[in-house]
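The values are calculated or read from the model by the stated rules, or taken from the named source; none is laboratory data. Note that the structure is a prediction, hence the values are computed from the model and not measured. Because the Cβ atoms are built from the backbone with ideal geometry, glycine has one as well, and the counts that use them run over all protein chains shown. These accessible areas exclude ligands, DNA and RNA; they are computed on the full protein's heavy atoms, side chains included. Shrake-Rupley method; radii C 1.70, N 1.55, O 1.52, S 1.80 Å.
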Amino acid sequence: MEMTGAQMVIEAMKLEGVDTVFGYPGGAIMNVYDEMYKQKDFKHILTRHEQAAVHAAEGYARSTGKVGVAFVTSGPGFTNAVTGLATAYMDSIPLVVISGQVPITLIGTDAFQEIDATGISRSCTKHNYLVRSASELPLILKEAFYIASSGRPGPVHVDIPKDVTAELAKFDYPTRVDIPTYRPTTKGNVRQIKKAAEAICKAKRPVFYLGGGIIHSGSADLVREFVKATQIPAVETLMARGTLRHDDPLLLGMVGMHGTYQANMAMSEADLMIALGPRFDDRVTGKLSEFAKHAKIIHVDIDPSSIGKLVDVDYPIVGDLKEVLEVMIPKVKEQVDPDRYQPWREILKRYNEIHPLGYEDSDKVIKPQWVIERVGELLGEDAVISTDVGQHQMWTAQFYPFTFPRQFITSGGLGTMGFGFPAAMGVKRARPEKISVNFTGDGSILMNIQELVTAVESRLPVINIILNNHYLGMVRQWQTFFYEKRYAETDLSFQPDFVRLAEACGGIGYRVETKDEFDEALKDAVEKGVVAMIDVVVDRNENVLPMVPSGGTLYNMMLEFKD
Amino acid sequence: MKVERRIISVIVQNEHSVLARITGLFAARGYNIEALTVAPIPESDMSRLTIETRGNVRVIEQIIKQLHKLIPTYKVIEHEEMIEKEMVMMKFPINESLSSIQALCQAYNGGIANVSSQHIITMVADEPKRVKHFIEAAQRFHPVEIVRGGVVAMERE
């Protein structure tokens, strides 16, 4: 069938089963929007900034595992979307972002709203395309969805010149893709898996190091089974939160810069590290020369370049985690003796007794950690939790009682402030049965505050909880610890009236100064089911602890800070 | 870790901006490109790149894996035993000793490629180390221009 490039884009969305597109129209992508106007198969959500469109698509993708889709126009429309692409790229999130481009005849002439979009997105996407004719568009769109969601997932950018969207060509959408140059290894090497299984059974102090790859590959159930069968303690990275239930006795907590003492000690003293889909990020490892010094390392990852990038690995296994675990777990189960690790579990238990994760609550002022725990008590597994970036993000990772994978939506690798609110909109769209909560800070929330309008208009009742300390808190914390309290540009005492701001956009706002007020506000917001902004005044000077100072060693944590 | 020189050949889908992907990868990750040659592979839709680079073992391993990760990359060839050749062209003033220049070029597997009223142009194709020696030896004839072609390489077996 012959159709225009714009029609092809819309048809491809239908054939890929896309039910939501986030975006913002503009000159170069108008043909696509015009075709979209004529159809009813998917809904378009008009964000008020292209960055938010991509983050919303990320929230959609992160909470479901499906490919998130965003449409933007050329030039500034595209450059606004770049932060979203980079955020998705760092956290391996499957996205297809389609941008308009000036007509092919004008490319290279510095035309109005022209920018070398694929040149810019090359380093922050898994792959990208500049479409040169409508005839190649069906294959490119098919490949884009395939590449985004297969192997190590990631964002794919398709840049379509305006004349291509108007050009007629035959539409023959491929049913399957075969890219000879792209064949991700999914089956792990059986000999290696066997050797790894033997190492696990022979180890005395093994530890599971659980990473985001578990969430991407949908293998959390297998990991739960693995942990239960072996009784080997486990640490989770920020991106793996929710893999194990928060109350699993074998979960040592989060690892790394703001990880628990027992988790970091387990990593430091283990004789075998079973790394399932992590990437040995510097926020996890601390000083590399001191990291896991006594441990042999098993590393399972679908991306060969992740293995051995920073740390030498003894048992490298390239493959899809799910497929590898399906082979590995039975092999381990055959010979494992969970009692063998009892002394090790005892040691870790003692570490936890000496320095448990906690905070000092107060009757005079609300502690930010209390708010997170309280939301956990009141909403628990009914909520999907998004965050922005900073202190509130770390407290959420530390204190929220996560019970299922994809319950925690956060920008880990890139650390993008302004991510949380639009992401939480995408979550609400993808999982309407859940309460979508965004924990944010008084710094972060302002970075995509315009989305109040989108959320109200599109009926995406996100509950934003601002842990308001009138500081750019995480930077302030570093200034307190490492810069002799020179608070350069981190005092945010001057701020908008968040209650009235929410109301001006059609949402509902609450100003909270006591615990009772918080309970009432949260209950009211959940009951009303509208876009809410709960502005919680919290202790200004609370720090995220414990902490491994940047470049420090995991076993040498800062456990408290005394003035 | 010891820094070593390596030759890596990459077979890629011959498509729009594929070279930019490769050079962009080296730039973004801080790897070195000492020399680079590219040409299409006859009767195929692939191109072959030969990259001369430097780095320690971990860096070289990462370069290979990262090159592999690029979607248009078909194959990355890296071998201990590569047969390497490099071409160099040199331009000399016509008043230099033509026979001496010719003898020197022949010693390095080359000869005179062109003679004009002002200059002679020579070409030599040899192992990179010998090309370097040739360039050193040719200095006494006061070359006015030197063009090196970059290394091309093939696995021995």
Calculated P(r) of segment A:25-68 - Cα pairs past 15 Å, %: 55
Rounded if a/c under 1.5, otherwise prolate or oblate - segment A:190-354, Cα gyration tensor axes: rounded
Accessible surface, per residue, of segment A:389-538 when the full set of protein chains is kept, probe 1.4 Å, Å²: 37
Segment A:190-354, dipole about Cα centre (Lys/Arg Cβ +1, Asp/Glu Cβ -1), debye to the nearest 20: 260
Cβ-derived FRET efficiency at R0 45 Å, A:Lys204 paired with A:Leu139, nearest 0.05: 0.25
Nonlocal amide H pairs with A:Gln101, under 5 Å, H built at 1.01 Å: A:Ile160, A:Lys162
At q = 0.21, 0.31 Å⁻¹, base-10 log of I(q)/I(0) for segment A:213-257 (Debye sum, equal scatterers on each alpha carbon): -0.64, -1.27
Virtual spin-label span in nm between A:Lys170 and B:His133, 7 Å along Cα→Cβ: 6.0
Distance from segment A:160-222 to segment A:342-411 (C-alpha centre basis), Å: 30
Largest to smallest accessible area among A:Met36, A:Met447 [probe 1.4 Å]: A:Met447, A:Met36
Segment A:Glu290-A:Leu559, length gained on full extension (0.36 nm per residue, minus Cα span): 94.9 nm
Computed accessible area, A:Met557, all protein chains, 1.4 angstrom probe, square angstrom: 20
Burial of 50 Å² or greater, segment A:301-315 residues [accessible area, probe 1.4 Å, versus chain by itself]: A:Ser305, A:Lys309
In order through segment A:54-70: 3J(HN,Hα) via Karplus (6.51 cos²θ - 1.76 cosθ + 1.60), integer Hz, x for Gly, Pro: 6, 5, 5, 4, 5, x, 4, 5, 5, 8, 10, x, 7, 6, x, 10, 9
Cβ-based net charge around A:Cys124, under 15 Å, with every Lys or Arg adding one and every Asp or Glu removing one: +1
Partner lysines for A:Lys528 [C-alpha distance under 23 Å; skip if fewer than 8 residues away on the same chain]: A:Lys428, A:Lys434, A:Lys515
Table column - 3J(HN,Hα) (Hz), segment A:524-529, Karplus curve with 6.51, -1.76, 1.60, x for Gly and Pro: 5, 5, 5, 4, 6, x
B:Glu4-A:Ile104 pseudo-label distance in nm [points 7 Å out on the Cα-to-Cβ vector]: 4.7
Exceeding the 23 Å Cα-Cα cut-off - candidates A:Lys195/A:Lys349; A:Lys126/A:Lys170; A:Lys204/A:Lys333; A:Lys287/A:Lys349; A:Lys14/A:Lys66; A:Lys331/B:Lys69: A:Lys195/A:Lys349; A:Lys126/A:Lys170; A:Lys287/A:Lys349; A:Lys331/B:Lys69
With all protein chains modelled, accessible area of A:Val531 [1.4 Å, Å²]: 10
Trypsin sites (Lys or Arg not before Pro) restricted to DSSP loop in segment B:89-157 with at most 12 other C-beta within 10 Å: B:Arg156
At least 50 Å² of accessible area lost relative to the chain alone, listed for segment B:16-47 with a 1.4 Å probe: B:His16, B:Arg21
Loop trypsin sites (Lys or Arg not before Pro), segment A:4-60 (other Cβ atoms within 10 Å of the site Cβ: 15 or fewer; DSSP): A:Lys38, A:Lys40
Size of charge dipole - segment A:2-170 - debye, nearest 20, with Cβ of Lys, Arg +1 and Asp, Glu -1, no other charges: 460
Prolate/oblate/rounded call for segment A:274-342, Cα gyration tensor, a/c under 1.5 rounded: oblate
Amide proton proximity set for A:Leu95, modelled H, under 5 Å, gap of 5+: A:Gly68, A:Gly154, A:Val156
Whole-Å distance, taken between Cα centres, linking segment B:15-34 and segment A:251-301: 32
Magnitude of the charge dipole, the protein assembly as shown, Cβ model with Lys/Arg +1 and Asp/Glu -1, debye to 20: 1520
Ordering of A:458-468, B:66-76 by packing [mean C-beta count within 10 Å, highest first]: A:458-468, B:66-76
Residue-span extension gain [A:Glu517 to A:Asp339] - 0.36 nm each, minus C-alpha spacing: 59.2 nm
Gyration tensor verdict on chain A (Cα atoms; rounded if a/c is under 1.5, prolate if a/b is larger than b/c, oblate otherwise): oblate
Residue-level accessible surface for A:Thr109, protein heavy atoms, 1.4 Å, Å²: 80
Near-label residues of segment B:2-17 by backbone N, under 15 Å of a point 7 Å along Cα→Cβ of B:Ile77: B:7-13
Hull-based mean projected area of segment A:368-537, where the convex hull spans the alpha carbons, in square nanometres: 9.4
For segment A:175-184, 3J(HN,Hα) per residue [Karplus equation, 6.51 cos²θ - 1.76 cosθ + 1.60, θ = phi - 60°, Hz, x = Gly/Pro]: 8, 9, 10, 9, 10, x, 8, 9, 9, x
Solvent-accessible area, 1.4 Å probe, carbon plus sulfur percent, for segment B:4-78: 50
Accessible area, probe 1.4 Å, largest first, for residues A:Ser305, A:Ser289: A:Ser289, A:Ser305
Farthest positive-ward along segment B:83-155 dipole, Cα basis, beta-carbon charges - from B:Gln106, B:Ile94, B:Ile135: B:Ile94
Between 0 and 90°, nearest 10: helix B:57-69 axis offset from chain B longest Cα axis: 70
Averaged over B:69-78, number of beta-carbon atoms from partner chains that fall within 10 Å: 4
Interchain or long-range residues, amide H under 5 Å from A:Ile409's placed H: A:Ile385, A:Ser386, A:Thr387
Summed side-chain charge close to A:Ser305 - residues other than A:Ser305 whose Cβ falls under 11 Å, Lys, Arg +1, Asp, Glu -1: +3
Interface residues in segment A:121-138 - accessible area drops by 30 Å² or more relative to the isolated chain, probe 1.4 Å: A:Arg122, A:His127, A:Arg132
Chains B and A, summed buried accessible surface - 1.4 Å probe, Å², nearest 100: 1600
Extension gain (nm, one decimal) between A:Phe482 and A:Phe42, 0.36 nm per residue minus Cα-Cα: 153.3 nm
Radius 13 Å from Cβ of B:His16, net charge of other residues (Lys, Arg +1; Asp, Glu -1): -2
Stokes-Einstein D for segment B:72-120, Kirkwood Rh over Cα pairs, 25 °C, 0.890 mPa s (µm²/s): 179
